[in-house]
Each structure stands twice: as C-alpha cells, then as structure tokens.
Ligand code: NAP
C-alpha cells in the first residue's frame, strides 16, 4: 500500500500497510529525514507524529518567553538554497512562534506534511528476524510494517512531572511547560507557583511576572544565568545570512558545540585580573553562549578557570538583585558553570526586584504535596491558582523507553539500556537491526539543528549504501558500541559538563528519580564527532555490522 493512500487518515484500518521506512517525529529531524528519503531515494516513508502538526519541540513548548538559545544563523537548516533565500529571521534569538512558523514553512515548501500522520503516537515496535521487518503499532490502533525504523524523537521531548503526592487533587490549573496549552494560560489576577529554575523556568518567569498578581518561584538549585541580549536583526545581518549561509554552516561544523564562534585561543588563568574582567564584561555584553564560548577556552576543562567565571556571574547577581538575602539565595555555589546546561535569560535576576515575585528555597524544604488549593513544602503552605512545572525532561533515552521497542529475540530496548544508553555514535544499538536514531543517545550535545543535519545525512548515506550493495541489515557491532560508550563516558569524566551529577543534571540522567546515573550525551566536540562519523562511513561502516 502506498504511503499516499494512508495520509491524514489515522485510525485503525484493519489492514497492515507496509513501507520502506517508518519515521517517528516531525520536528527538525523528521522533516529533513523525510525530505531526503522520499525526494532523493524515492522511498515509501510513513511518518508518525504525536503532535497535531509539525515542529517537535517548537510545537509543544509554547510557554511565554520560549526562544532559542542558539543564534539565528545556527538555529536553522543549511541544506536548502530555497529555504535560505526565502526565509528571513526577525530576531537574534528567534522566539517559539517564529521557529514553529519556520518549520511549517519548510514542511510546506517541500510538501512534507502529506507523508506524516499527526495526532498519532507510536506505542510499540518489534523486529521480526524472519521477515527482517519492523512492526509498528500506534495509539490510534494502526499497525504498519517497514524495513527501517528511524527515530527523530528529540533529545528533550519526554516531559518530567516529578512524582509529587496529590498532583491530581489540585483544583486550579496545573501545566507542564512542555505541554503548554495552545490556547495559552490566563495569568491575570492569578497567584502563580513556578516550580523549576532551569533554562525553561528562567525564560518563562519574566513574562508571567508581568501578568500575574503574584508569582512564587520554588527554587531547588540556583543557576548561573547570563543575559540573552536578544534584539531585532538588521537588514544587513539578514542579507549576510542569505549570502553566506553555506560558509557559516561550514564554520559552525568546526566548532565543538556547533556554534558560529571561533575559540579565542586564550585561557582565563593566563591573563591578569583586569584583562579577565574586561573579557567577561564583553562576553556578558554579547550574551548567551558567547559568554561561555567566546571568553576563555579553559572554562570547560579547568575548574579553577571556571571558578573565575562563576565569581563574575555571582557579582552580576549581587548587582542586579536589590534584596541581599534574595541575591544570596539566587547565587549558585559548589558546582562549576556548565555542569548544568547553561541557561540564558532576559531580565531574569531583575524580575526578583518586583513586589509580586517571591523566591522560595526548597533545597532543604522540599515540595511534599500538591493540595487542592496549592502546594505544601515540609514547613509551609502556599495558596495558588496556577502551578507551572518547568521541571524538564526524561532526556535522551526517555523518548525511546516510552515506546516498547523490541529487537532480536524480543529483547526490550529499555532492558538493554537499564544501566544507561549503549550506542555506537548515537545511531544504532546492537540487537536492534535497521533501527536508526537521529541524534540518538550518546551523540553530541551541541547546537541541535546542525547535529540533526549531520546525523540525518549519515543515516541517509548508510541506507543508500545498504541499497546500493544489496545489503538488508545494519546495526552497531557490540565491540563498536562498547568502545563508543566507553569513550563518551571517559570524556564526560574529564570536563566540567560531566561534573553535574551532584546537581541533578539531565546530562547524566540525574534529574529523574530511579533513572540510571549514566552520561546521555557526547561532550568530546561536535566537530570531532562529525569527523569520526565521516571516517567510519568511509571505512565501510567500521564498528557496525552490515549483512
Ligand atoms: P531542567 O534544566 O531539567 O530544569 C528543571 C528544573 O526543575 C530544575 O530547576 C530542577 O531543580 C527543578 N525541579 C525538578 N524537580 C523538582 C522538584 N521535585 N522540586 C523542585 N524543583 C524541581 O529543565 P528545563 O529548564 O526544561 O531545561 C531542560 C533542557 O531543555 C535545557 O537544559 C536545555 O537543553 C533545553 N532548553 C532549551 C531552551 C533553549 O534553547 N532556548 C529553553 C528551554 C530548555 P534542580 O536543578 O535542583 O534539579
């Protein structure tokens, strides 16, 4: 049965349609993968998307204040001349609505929506060794088969609602930022509780504070927040991106975090105090990731160097927040900058100067219960009309383990990964033939659209290679995945981003109760990873088993 016949027709058909590939997700990953496989290889690809439209992260995370932390020139595709010439960003860090419009534009430009079935969640997938096919079930009761199962499910897509007693009893409105209602939330004259001060909580707070009657911010761990320094783009900047997008993409691919920056070549500990402060001031003025990546190269690898950046940020907090006790509570100590994913904010610290905003420290006085009228910590009660959970995600593996994926011999992927993910280069895991993961576990944590383009291209090449050579099966070799997983872990132990277990970072699965403490992402440099991927492909996919 052709994919066309099934489009937009979710629900049980009673029959099982077969396809070359099933593709899960219609975000950045799914759209580009669909384009390549369908338009360039002519494959029959059946896409499923749980959301009601394209966009992935940008479909779900509609909370006020949501915007990219990567600059506009990096947070986009570089594979299409048409997209580059016909699309124009308006801001330095595009907001959620604009990124969603961009992905809708891409989908329409290449007529990609017709290959996806929306409002349909893949619930299980099992590989049959005799037929060499995946059988995929959905929550609308449909079952399809395919040779390749390709996931574009996102690194941060499975929301984490902490298992606090009484969640169901709250009589007001309770929302998770990653499931923000399309109709929005009315904050006018409402008493709002905000749980979580990660990248999301930091982005949402200033917008709510302007509208709500009061906001109580429940903070467990203070964060190092650098200002975003967002602003409208000039016509010259827009024209420059159109003219040089390919050169910019090349530069980005050479950066360890796939950013349009160049390492500065200077170390914080090699310069005098006055120079160091001046460099940090300039990084602060540039904002966002400029502060981490365009000040000193040793911040990510040397804790003493890192501490100088931490001290600079602590000084900025003291300067921004009028009440010294509140400033002190907001001040992170005891862990390096970058051990938690560095957030960027707009007026975050200044928002605590407002009369209607209160900071509540729950580090030693945890939220114990959600009550019908609010919430209760160990010692205090709060009456609230709206509770917002900005409590993050079951990152990296969460989107996989929420699908019952079974490989050779019926083995569950969740079982294989019970001590942490094991993959070769994030693409594939042994025992799960023809399962290809776009930016899968143990691939780099870096500017995501770039990682997606690179990994989609690699999977596209691998599938092309299989077909050109009459091969039918592709999976990680056990030795290959052990070596890669060992390498990813060794790197994590060497750098500040790997030192976050103590501060609940999702990098190490440490934000989820009961999740194995194991590194989820690769920190050895996106640029080095891209080179490794190319070298592996050039050596006929060394470290993978093709048959
Ligand atoms: P997050 O970084 O995991 O932060 C979750 C927050 O919730 C933390 O402050 C955490 O406290 C708190 N929390 C969790 N359970 C709690 C509980 N039971 N009681 C009190 N507090 C609790 O999640 P996120 O902010 O959604 O960000 C996740 C990732 O998404 C980011 O790291 C980033 O990669 C991505 N993101 C990107 C953007 C962007 O690029 N523009 C924006 C938003 C998010 P602890 O710190 O103590 O655990």
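Overview of results
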{"quantity": "Cα centroid separation, region 136-159 to region 386-453 (Å)", "calculated": "12 Å"}
{"quantity": "Tensor-based shape of region 217-258 (alpha-carbon gyration tensor, a/c under 1.5 rounded, otherwise prolate or oblate)", "calculated": "oblate"}
{"quantity": "Average Cα contact separation per residue, region 477-547, under 8 Å, 6 or more apart, as relative contact order %", "calculated": "31 percent"}
{"quantity": "Highest-first arrangement of 327-339, 449-461, where packing means the average Cβ count within 10 Å", "calculated": "449-461, 327-339"}
{"quantity": "Residue exposure sequence - 382, 523 - by fewest surrounding Cβ within 10 Å", "calculated": "382, 523"}
{"quantity": "Per-residue Cβ neighbour rank within 10 angstrom, fewest leading, 109, 380", "calculated": "380, 109"}
{"quantity": "The chain: calculated mean residue ellipticity at 222 nm from DSSP helix runs of at least 4, using -39500 (n - 2.57)", "calculated": "-9500 deg cm²/dmol"}
{"quantity": "Per residue Cα convex hull volume in Å³ - calculated over region 419-547", "calculated": "98 Å³"}
{"quantity": "Computed FRET value (nearest 0.05) for residue 244 with residue 130, which takes r as the C-beta separation and R₀ as 51 Å", "calculated": "0.45"}
{"quantity": "Angle between the chain longest axis and helix 448-468 axis [Cα atoms, degrees, rounded to 10]", "calculated": "10 degrees"}
{"quantity": "Antiparallel %, DSSP beta bridges [both residues in the chain], to 5", "calculated": "40 percent"}
{"quantity": "Residue order, fewest to most surrounding Cβ atoms within 10 angstrom, among 33, 259, 437, 494", "calculated": "494, 259, 437, 33"}
{"quantity": "Of every Cα-Cα pair in region 281-332, the percent that sits beyond 17 Å", "calculated": "41 percent"}
{"quantity": "With Cα atoms, 0 to 90° folded angle of helix 273-286 axis to the chain main axis", "calculated": "60 degrees"}
{"quantity": "Relative packing of 124-133, 221-230, which averages over residues the other C-beta atoms within 10 Å, highest first", "calculated": "221-230, 124-133"}
{"quantity": "Proportion of all alpha-carbon pairs of region 239-350 beyond 19 Å (%)", "calculated": "51 percent"}
{"quantity": "Distance between region 75-111 and region 471-547 - C-alpha centres, whole angstrom", "calculated": "30 Å"}
{"quantity": "Relative contact order [Cα under 8 Å, 6+ residues apart], the chain, whole percent", "calculated": "19 percent"}
{"quantity": "Three-way shape label, the chain, alpha-carbon gyration tensor, a/c 1.5", "calculated": "prolate"}
{"quantity": "Separation in nanometres of the label points that stand 7 Å from Cα toward Cβ, at residue 114 and residue 528", "calculated": "4.6 nm"}
{"quantity": "Cα-based helix-to-principal-axis angle, 199-211 vs the chain, degrees rounded to 10", "calculated": "60 degrees"}
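Laboratory data are not the source of any read-out in this text; all were calculated from the coordinates shown. Keep in mind the model is a prediction, meaning the values are calculated, not measured. Using ideal geometry, Cβ is built from the backbone for each residue, glycine included, and neighbour counts are taken over all protein chains shown.
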